[in-house]
Amino acid sequence: MSGERELRVYSQQEIEEKLKELPLWRYEKGYILKDFETKNWKETVFLFNAIASLAEAHWHHPDAEVSFKKLRVKLTTHEANGVTDRDFELAKEIEKISSLLLKR
């Protein structure tokens, strides 16, 4: 992901349209977010670590809330003060990795 390109912030209407491509993701208070349900703490941590590694590779870091059987991932582009293509690109990658790890 290049930090050099111009960041276009999407409107709420545009975000909601783009979210149709991302099952169970939603827009809330300036973020696109998804709650992942897991079987146990070990699976939660495993998923969190996989997403953290993916985010580091993309140099785009989500906010996350971790609990025993749940992980909430929230994406926004902080330097653009809104949701951009970076967020949708990372969300799609998170979808791929989570479906493999959670086998759902």
Inset, instruction - Send over a whole-number figure in Å² for the accessible area per residue of the chain, probe 1.4 Å. - result: 62
Inset, instruction - For the chain, take the alpha-carbon Rg, divide it by the Kirkwood Rh, and send me Rg/Rh. - result: 0.96
Legend entry - Farthest positive-ward along the stretch 1-55 dipole, Cα basis, beta-carbon charges - from Tyr10, Pro23, Asn49: Asn49
Inset, instruction - Just read off the accessible area of Val9 with the full protein assembly in place, 1.4 Å probe, to the nearest 10 Å². - result: 60
Legend entry - Neighbour net charge for Tyr10 - beta-carbon separation under 10 angstrom, K R +1, D E -1: -3
Inset, instruction - Run the accessible area of the chain with a 1.4 Å probe and give the carbon-and-sulfur part as a rounded percent. - result: 52
Inset, instruction - Relative to the longest principal axis of the C-alpha atoms of the chain, give the angle of the C-alpha long axis of helix 41-58, reported between 0 and 90° and rounded to the nearest 10°. - result: 30
Inset, instruction - Would you kindly find the accessible area of Glu37, with a 1.4 Å probe and non-protein molecules such as ligands, DNA and RNA excluded, rounding to the nearest 10 Å²? - result: 110
Inset, instruction - Heads up, I need the accessible area for Arg72: 1.4 angstrom probe, whole protein in place, Å², nearest 10. - result: 50
Inset, instruction - Take Lys70, Lys20 and sort them by solvent-accessible surface of the protein heavy atoms, 1.4 Å probe, largest at the top. - result: Lys20, Lys70
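The values are calculated or read from the model by the stated rules, or taken from the named source; none is laboratory data. All figures in this text were calculated on a predicted structure; none of them were measured in a lab. FYI the Cβ positions are ideal-geometry reconstructions off the backbone, even for glycines, and counts take in every protein chain you see. Keep in mind that these areas ignore ligands, DNA and RNA; they rest on the heavy atoms of the full protein, side chains included. Shrake-Rupley method; radii C 1.70, N 1.55, O 1.52, S 1.80 Å.
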